[in-house]
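Worksheet for the structure shown next.
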Amino acid sequence: MNKKGLGVCLLSLVSLAALAGCNTNSALPKVNLTFGKLYDSSLDASEAKVDDHLWNLSVADLNTLISRGDNFALLVYDTDDTCICWGDFQITLKEYLAHYNFLLFGIQQNLLEAAETPSSGALAVNYNLSLATGEETIALYEDGAVKYQKTSAGTTDNWTQYDAFAAWMNDRVHQSDMLYVSEAQFDNLFLGTSSFVVGFLRFSCPDCAYLDDNFLKSYNANDRNASYVIDVEKEGIWNATTKSNGVWQTWKDKYGLSVAGNAAFGFDNGVVPTFYNYTHASTGDYASAILDGDVYVNDSLAKDTNDDNYYVSDTFFTETRLPNLTFLTDNTSVTTKVLSALAVPASDADIYGTAAGWDHKAAAKYHDPLLKAFLDFYTDPSGI
């Protein structure tokens, strides 16, 4: 079978009309995936191995995605499966991942089975999964619950072939244009000839989780020009060791997240979530390649001396930095562009220890319009 494109049903043209002729069901409600993943062809070897292209999860990671109410695609599989049908299905999966820059989370079936107890029935209750021993399952989660799922049925299952698999998936998912990249892929972006947007995120960061599960979840349901994100925790850039030995700080300086790295666009020692628009930098001087930026939340609050309320005492969005932010220069949709000294009611403060931060929902009223303006300016396909 021809495994390039969408197979014999499409002949040589990929179009909506042709897809409709492949027994697709375009009327199905689609799951809007929050992120995609830039396919990394450098991982490919002569032997097909889809495992290298997945974002593999622990049970704790999966529980986190579900509890946060995320939209995502999950493959439940067994790397020790020697069945020829699994080998064929891997080829199908890799081709789909490459064609659509598709983010597929993966988890080993034995990990889920180990988490299940007879009394809890965890697979059915916690994960909404119906699995079969020795077969692979794709589950599409919407708001943390399974919206669609399908389990392979061995060598006779046409669904594991690219034509049928692509049609089934495309009926049920809306792909995101915000793509995760590896550290190596991130560096390669600088070798291009045009500017690009990159967001810095971290899986266990509360600010990042709020951003992902709220603003980006809805924003990325629309078609955009491609942008990129890197998870510094997943990439091993951020961890207990790199924080203590200064490697994490050096990395932030290198890419201009900190004031030390870039005085115009760096914030404090560098924080996540941060989004930058970079120009190409073939010389490797990445910190100076920043053209524009946005830091989501990460503001500090101070107590108002006159009452029990607070005000923003430190923020990326200052009067001094405003002239550097091109995306706000002619913007009329954002009503509050400077957050310095902004009054914050005590009810909107999030107190931790001796410091005070901003309640996410309250801060989002100001930060969501700012980030939307930034992403619209650089990724809106209409050029607005």
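The values are calculated or read from the model by the stated rules, or taken from the named source; none is laboratory data. Keep in mind that this is a model prediction, so the values were computed, not measured. Ideal geometry is used to build each Cβ from the backbone, glycine not excepted, and the neighbour counts take in all protein chains shown.
Data overview
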{"read-out": "Near pairs, Cβ below 8 angstrom, 6+ apart or cross-chain, from segment 217-232 (acidic (Asp, Glu)) to any residue that is part of a loop (DSSP other than H, G, I, E, B)", "value": "ASP223/ASP177; ASP223/PRO381; ASP231/ARG202; ASP231/PHE203"}
{"read-out": "Failed criterion for TYR296 (all others in (1) exposed (fewer than 14 other Cβ atoms within 10 Å of the Cβ); (2) closer than 30 Å to LEU189 by Cα hold)", "value": "(1)"}
{"read-out": "Positions within segment 176-208 being closer than 19 Å to GLU142 by Cβ and either buried (at least 20 other Cβ atoms within 10 Å of the Cβ) or over 15 Å from the mean Cα position of the chain (by Cα) (or both), in sequence order", "value": "SER176, MET178"}
{"read-out": "Conditions (1) under 26 Å from the mean Cα position of the chain (by Cα); (2) acidic (Asp, Glu); (3) at pLDDT below 95; (4) surrounded by 16 or more Cβ atoms within 10 Å (Cβ to Cβ): number failed by ASP368", "value": "(3)"}
{"read-out": "Residue match in segment 253-271 (condition: in contact with a strand residue (DSSP E or B) (Cβ under 6 Å, 6 or more places away or on another chain) and on the phi > 0 side of the Ramachandran plot)", "value": "yes"}
{"read-out": "Among residues of segment 24-64, those that are assigned to a helix (DSSP H, G or I), touching a strand residue (DSSP E or B) at 6+ places or on another chain (Cβ under 7 Å) and over 18 Å from THR79 (Cβ atoms), counted", "value": "0"}
{"read-out": "All strands (runs of 3 or more DSSP E) inside segment 83-194 with 1 or more residues being modelled with pLDDT of 90 or more, hydrophobic (A, V, I, L, M, F, W, C) and under 30 Å from GLY284 (Cα atoms)", "value": "178-180"}
{"read-out": "Any hit, segment 330-350, residues being closer than 22 Å to GLY266 by Cα and small (Gly, Ala, Ser)", "value": "yes"}
{"read-out": "Pairs, first more than 15 Å from VAL259 (Cα to Cα) in segment 311-326, second among the acidic types (Asp, Glu), C-beta under 9 Å, six or more apart", "value": "TYR311/ASP304; VAL312/ASP299; SER313/ASP299; LEU325/ASP292; LEU325/ASP294; THR326/ASP292"}
{"read-out": "Test: residue in segment 261-282 that is at pLDDT 90 or above, part of a strand (DSSP E or B) and surrounded by fewer than 19 Cβ atoms within 10 Å (Cβ to Cβ)", "value": "no"}
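Yes or no, residue by residue, for (1) of a type in the set (A, V, I, L, M, F, W, C); (2) in contact with a strand residue (DSSP E or B) (Cβ under 9 Å, 6 or more places away or on another chain); (3) not assigned by TED's automatic domain parsing to the domain that holds ASP223:
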| residue | (1), (2), (3) |
| --- | --- |
| TYR278 | no, yes, no |
| SER313 | no, yes, no |
| THR332 | no, no, no |
| ALA343 | yes, yes, no |
